[in-house]
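Worksheet: the structure to be examined is printed underneath.
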Amino acid sequence: MRFAKLHGLGNSYIFIDLVRQEAPDVDWPELARRISDPAFGVGSDGLILILPPTRSGLADLRMRMFNADGSESEMCGNGIRCLARYAADTGLICGDRLSVETAAGVLNLELFRRNGNVAAVRVDMGEPRLKRSDIPMACPSDDSPADGDDPAERRDDCAAERPVINEPLRVGAQVYNVTVLSMGNPHCVVLVDDIDQAPVPTLGPLIETHAAFPNRTNVEFVQVVDQENVRMRVWERGSGETYACGTGACAAVVATSLMNLTGRRVTVHLLGGRLEIEWASDGHVSMLGPCEAVCTGELSDEWLRA
């Protein structure tokens, strides 16, 4: 089984092309766990399968994405940019336009080249989903209200499915204000004063697995620098802290814009580099960022059998 490894801002994935090679009888979640392990596999933040679209004319290619823990995710912003780079490098597509079918819908991509190679990709991520049921996020329970809140009033707000903007969320003994939305996958944005001191490895997993999120959630810790710049660290659902998260960067800009803390064109500064995000007047969010090929290889029969 041939594979390629690519990364977007240090958010790396193993890609397996099932357009040009036959799909084997493989437990993909288990393979994702093993191949992501840097000691016993290749090492990555997850596994992405490149497939033909489910029906002709729907898209150019289809993408399935598995996190490092084997769970399957709806979408991956950095991963889809890398998929575009792979498709161009290997001749799966021609030209500078690409449509990809994902579990979050069909997304359109534009490729930008430097010295003949795809150096960056802009992705139309579609419209953010703000209704609580679309995230999904459960209503607050009576036994865990935030301090000073009326549980009945909070349930009424929930029933109206108002956007979750700067809403208190109890996590253990602490209450944090969060803004929650979906970019095809769930995101919970927490504002912090100093990103370097943010409790990403401790608070991240607690919010990821919080009872309010039946499908778990990605968690973005965001420091607003000014109207056009934010700093961000991310705890990715199923992978832990990573160098970058494309959908998370989009969620961060939507969240800070909803709170009137930034404009709608923002540079997101992540551990692995920068993404340019715009929440356009038509409601669509676009993401522009780099992608880079690392290596190609072949998984041994011995390793696959094991």
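The values are calculated or read from the model by the stated rules, or taken from the named source; none is laboratory data. Just so it is clear, the model here is predicted, and its values are computed rather than measured. Don't worry about glycine lacking a Cβ; one is built from the backbone with ideal geometry, like all the others, and counts go over all protein chains shown.
Being charged (D, E, K, R) and within 15 Å of the chain's Cα centre (by Cα) is true for just one of Glu101, Glu110, Glu74. Which residue is that? Write out each step before concluding.
Working: Glu101 fails: within 15 Å of the chain's Cα centre (by Cα); Glu110 fails: within 15 Å of the chain's Cα centre (by Cα).
The match here is Glu74.
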Scope the stretch 15-46; condition surrounded by 12 or more Cβ atoms within 10 Å (Cβ to Cβ), in contact with a Gly (Cβ under 9 Å, 6 or more places away or on another chain) and at negative phi; matching residues: Phe15, Trp28, Pro29, Leu31, Ala32, Arg33, Arg34, Ile35, Ser36, Asp37, Val42, Asp45
Strands (runs of 3 or more DSSP E) within the stretch 205-306 that include 1 or more residues aromatic (Phe, Trp, Tyr): 218-226, 229-236, 273-279
Residue match in the stretch 69-90 (condition: in contact (Cβ under 8 Å) with a residue 60 or more places away in the chain, under 25 Å from Ser239 (Cβ atoms), of a type in the set (Val, Ile, Thr) and not in a helix (DSSP H, G or I)): no
Residue tally, condition out of contact with any helix residue (DSSP H, G or I) (no Cβ under 7 Å at 6 or more places or on another chain) and either surrounded by 22 or more Cβ atoms within 10 Å (Cβ to Cβ) or more than 13 Å from Leu206 (Cα to Cα) (or both), over the stretch 226-242: 7
Count - residues of the stretch 244-262 that are within 12 Å of the chain's Cα centre (by Cα) and either of a type in the set (Lys, Arg) or farther than 11 Å from His187 by Cα (or both): 2
Qualifying position, being among the aliphatic types (A, V, I, L, M) and within 16 Å of the chain's Cα centre (by Cα), among Val224, Val234, Val178, Val171: Val234
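Confirm whether Ser44 is closer than 19 Å to Gly248 by Cβ, in contact (Cβ under 8 Å) with a residue 24 or more places away in the chain and in the same structural domain as Asp301 (by TED's automatic domain parsing). Let's see the steps before the verdict.
Details: closer than 19 Å to Gly248 by Cβ: yes; in contact (Cβ under 8 Å) with a residue 24 or more places away in the chain: yes; in the same structural domain as Asp301 (by TED's automatic domain parsing): yes.
Taking the combined requirement at face value, the residue satisfies it.
Which residue out of Thr202, Thr179 is within 23 Å of Arg233 (Cα to Cα), at pLDDT 95 or above and in a helix (DSSP H, G or I)?
Just one listed residue meets the conditions, Thr202.
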Among the residues listed as Leu275, Leu304, the single one being crowded, with 24+ Cβ neighbours inside 10 Å and either under 25 Å from Phe15 (Cα atoms) or free of Cβ contacts under 8 Å to residues at least 12 places away in the same chain (or both): Leu275
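Any idea how many residues of the stretch 91-117 are over 23 Å from Glu127 (Cβ atoms), touching a Lys or Arg at 6+ places or on another chain (Cβ under 9 Å) and assigned to a loop (DSSP other than H, G, I, E, B)? Give the derivation first.
In the first step, residues of the stretch 91-117 are kept if they are over 23 Å from Glu127 (Cβ atoms); the result is 91-96, 112-117.
Filter once more, so that each one left must be touching a Lys or Arg at 6+ places or on another chain (Cβ under 9 Å): 92, 96, 112, 117.
In the following step, the residues that additionally are assigned to a loop (DSSP other than H, G, I, E, B) were identified as 92, 96.
Residues meeting the conditions: 2.
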Which numbered condition Ser56 misses (of (1) within 28 Å of Leu304 (Cβ to Cβ); (2) more than 21 Å from the chain's Cα centre (by Cα)): (1)
